[in-house]
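Notes follow the structure.
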Amino acid sequence: MILSGCASVNPDRNFAPPAAQEPTPELSAPSDIAQALRSGGYVIYMRHGQTRRSELELEAKSREAGRFSLNDCSTQRNLSDEGIAEAREAGAQFRRLKLPIAKYVSSRYCRVSQTARMYADDLAFSEALTSDGPVVKQPERIAAVRDLLSEKPPAGRNTMLFAHQGIFYEATRLTVQEGWAVVLVPGDFSRIVARIAPADWGRLAGAP
């Protein structure tokens with residue numbers, strides 16, 4: 001069986017096509033991915049769940065009006081009803097998998113933290129992962145994201161980061177769709193170990 005995350009890309013979930021030069025995921029069988037993640041040593045980078053396309057310009061308009069706030073979800077683009085349901089089910093399957101995760105780190109945006117809480121109870125928040133606008137250009141912010149993606153977890157464990165497409169692309173030149181996860185070897189952005197779609201977590205949880 002091949003994971004759905006390795007087989008298709010939906011532009012409506014990505015808001016940008018995948019880069020033409022992106023490497024092919026090295027693992028695609030659920031049992032192989034589950035075994036690798038159970039052994040530890042990886043960074044799992046997850047983009048927030050599906051959002052309301054009608055709110056794509058909401059944050060920019062909120063900033064222009066001087067009312068944008070990370071503490072006020074009404075000033076941000078938020079998860080759609082479908083995105084909430086999908087993240088809830090995917091998170092439940094992820095918890096069944098009981099992966100060894102050293103820490104869960106999240107952006108402070110509502111759509112990200114809401115997604116992350118479906119997967120984990122103990123979250124830390126990162127200013128580096130909290131992107132300022134749709135695409136972050138500040139060199140120091142991108143360097144901080146690369147540092148997070150390069151940090152090796154303790155032996156036998158993984159690190160899981162929840163954030164955005166823009167800062168991930170700026171740091172790695174790799175893309176990730178809404179609700180999907182990309183598994184990386186810390187610090188190596190020339191490889192993709194696996195791509196995991198929301199529906200794939202159930203397949204991983206059932207893998208030997």
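What follows draws every value from the coordinates through simple rules; no lab data is involved. It should be emphasised that the depicted structure is a prediction, and the values quoted were computed from it without experimental measurement. Glycine also receives a Cβ, built like all others from the backbone with ideal geometry; neighbour counts cover every protein chain displayed.
Dipole orientation for the chain: of the candidates 30, 154, 128, 154 has the Cα lying most toward the positive pole (charges on Cβ; Lys, Arg +1; Asp, Glu -1).
Please list, in order, the residues from region 103-134 whose amide nitrogen is less than 20 Å from a point placed 7 Å along the Cα→Cβ vector of residue 64. So the set is 132-134. In whole angstrom, how far apart do the alpha carbon centroids of region 20-95 and region 127-171 sit? Using only Cα atoms, the two centres lie 14 Å from each other.
Here the 3J(HN,Hα) profile of region 146-161, calculated from phi with Karplus coefficients 6.51, -1.76 and 1.60 at θ = phi - 60°, is 4, 4, 5, 6, 9, 6, 7, x, x, 3, x, 10, 10, 10, 10, 10 Hz, Gly and Pro shown as x.
Taking θ as phi - 60° and the Karplus parameters 6.51, -1.76 and 1.60, the scalar couplings of region 69-86 work out to 8, 5, 8, 10, 5, 5, 9, 10, 6, 10, 4, 7, 4, 5, x, 5, 5, 5 Hz in sequence order, x denoting glycine and proline. Rounded to the nearest Hz, the phi-derived 3J(HN,Hα) couplings of region 185-194 under the Karplus curve 6.51 cos²θ - 1.76 cosθ + 1.60 (θ = phi - 60°) are 6, x, x, 10, 9, 8, 10, 10, 5, 7, where x marks glycine and proline.
Calculated mean residue ellipticity, 222 nm, the chain: -10000 deg cm²/dmol, from DSSP H runs (n ≥ 4) at -39500 (n - 2.57) each, averaged per residue and rounded to 500. Based on the Stokes-Einstein relation at 37 °C and a viscosity of 0.692 mPa s, and on the Kirkwood radius from alpha carbon pairs, the chain is assigned a translational diffusion coefficient of 193 µm²/s. Near the amide H of residue 77, within less than 5 Å, lie the amide hydrogens of 59, all on another chain or at least 5 residues away, with H placed in the peptide plane. Each of 160, 118, 46 was scored by other Cβ atoms within 10 Å of its Cβ. Listed from fewest to most, they are 118, 160, 46. How high is the FRET efficiency between residue 53 and residue 85 when r is their beta carbon distance and R₀ equals 22 Å, given to the nearest 0.05? That pair, residue 53 with residue 85, gives E of 0.85. Candidate cross-link partners of residue 98 among the lysines, defined by an alpha-carbon separation under 27 Å and a same-chain spacing of 8 or more, comprise 152.
Expected output is a single nm value to one decimal: the length gained when fully extending between residue 169 and residue 124, i.e. 0.36 nm times separation in residues minus the C-alpha distance. What is it?
Numbers: separation 45, 0.36 × 45 = 16.20 nm, distance 2.18 nm.
Length gained, residue 169 through residue 124: 14.0 nm.
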